[in-house]
1. Test Lys135 against the criterion of being at pLDDT 85 or above and closer than 16 Å to Gly20 by Cα, and give yes or no.
2. State whether one or more residues within the stretch 25-40 are more than 21 Å from Leu219 (Cα to Cα), surrounded by fewer than 21 Cβ atoms within 10 Å (Cβ to Cβ) and not acidic (Asp, Glu).
3. Quick one: is Ala70 touching a Phe, Trp or Tyr at 6+ places or on another chain (Cβ under 9 Å) and buried (at least 24 other Cβ atoms within 10 Å of the Cβ)?
4. Scan the stretch 337-353 and give yes if some residue there is crowded, with 20+ Cβ neighbours inside 10 Å and over 30 Å from Ile72 (Cα atoms), otherwise no.
5. State yes or no: is Val321 within 21 Å of Val376 (Cβ to Cβ), at pLDDT below 85 and out of contact with any Asp or Glu (no Cβ under 9 Å at 6 or more places or on another chain)?
6. Restricting attention to the stretch 84-132, which residues are surrounded by fewer than 24 Cβ atoms within 10 Å (Cβ to Cβ), of a type in the set (Ser, Thr, Tyr) and touching a residue at least 60 places away in the same chain (Cβ under 8 Å)?
7. Being small (Gly, Ala, Ser), part of a helix (DSSP H, G or I) and either touching a residue at least 60 places away in the same chain (Cβ under 8 Å) or surrounded by fewer than 17 Cβ atoms within 10 Å (Cβ to Cβ) (or both) is the filter here; which residues of the stretch 269-309 pass it?
8. Need a quick list: helices (runs of 4 or more DSSP H) entirely within the stretch 40-130 having at least 2 residues that are more than 26 Å from Val321 (Cβ to Cβ).
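The values are calculated or read from the model by the stated rules, or taken from the named source; none is laboratory data. What you see is a predicted model; the values in this text were computed from it and never measured. Ideal geometry is used to build each Cβ from the backbone, glycine not excepted, and the neighbour counts take in all protein chains shown.
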Amino acid sequence: MNTNMDRQNASKSRHAYRSGMIAFFLSGICSIASGIIVSLLRDRYQFSFSFSGTLVSVMSIGNMAALLLAGILPGMIGEKATTLILTMGACLGYMITAMTGNPMFLAAAFLIIGLAKGCAANKCTVLVGNNTDDKPRALSLMNAWFALGALLCPFLIASLQGMGQSMPMFSVSFAGLCMWVVFLFSGLPGKQPMVPGETRKTDYTFLKSHVFWLLALLLFCENAAEYVVNGWVVTYYKNEQILSGTLATYTVTVQWASTLVARLLLAFLMRNRNPFKALVVMGIGMTLAYGGLLVAGTAVPALIALALFSISVAGAYPMGVASVGEMLSSASVGILLAFAGVGGIVFPWLVGIIADAAGLRAGMAVNLIPCVGLTVLSLVLLTHRKKEENAGA
């Protein structure tokens, strides 16, 4: 009896783990398409830099809101209903971008796309992280699947552009629908019936941990740096005439191919039990590579700098989340990534505002701030870990 029960539980655990991986692969397509589609919409409707940046920031607002809702709503309506409601935004949002150029409708579309992105990140992290014995490796592998989806995204969009201006948007909308179906059958629990007299409380003790908040700040910087590059690099290369036309779209391929390789190496080769040493190296690499990206004036140096930046930033998210350790839950992941998501709201918006006032290169330079910030915070966490080890010894 117990053996059969153990087998059923193991089977459910494997299914949940695989569902998280597949859903995050599809989320990679849906999430990274946003930067390309913003560029396509800007070319199609002649939007300003500031409005283009606003669309990226609105998506980040939706992302942040979803991360909070994904931690709060399950206690009211269940994990499954919460996930299915929020992740439908990927399908509906991209369908709206295919059908209209109205700024208000587009802002609403990117808001619900952000809701889907944030919810997918939360639920995939929980599905994978809670069904493995090696969280750092599993989360690095999960993010490698995201990178694979992101890598394939520009090929999908470019192959469909010749079939009509709206076909790329419709195709990403279909990918969003597929992600929704995966969550539908992922085994996420519904609303749990209350036992008479029972009270349920979400465990928020992690909020008292200063390490948790340092990790939140670190992921704030990671989100800011990554969102600026995801949302602006295609537009930047076009504007600076470093790359043009369809070729500029393939900068996303360089970015996510590098990210995929880096995350696979982290998943299968890295056995460093103190991730903060690696995060220090990543922060330094991000800062130097991004500086190189800003000064590059031709295609080859610019793409090399982008590849090096992508390799450097690739492990920051999975390592940062995995460092939460035993505090990992829907609530902790929701608050952690929602706080981090503020960086993805503020910095793409700042780039657009400064670009309209002083040029896009000046706007992009703002992104050096979170690169340096991630390096400093990694050093602080590394120092803290060493103090704990010395105290334990």
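1. Judged against the criteria, Lys135 is not a match.
2. yes
3. When the stated conditions are applied, Ala70 does not pass them.
4. yes
5. Yes, satisfied.
6. Of everything in the stretch 84-132, just one residue is surrounded by fewer than 24 Cβ atoms within 10 Å (Cβ to Cβ), of a type in the set (Ser, Thr, Tyr) and touching a residue at least 60 places away in the same chain (Cβ under 8 Å), namely Thr132.
7. Correct list: Gly283, Gly291, Gly292, Ala299, Ala302.
8. Result: 49-72, 79-99, 103-129.
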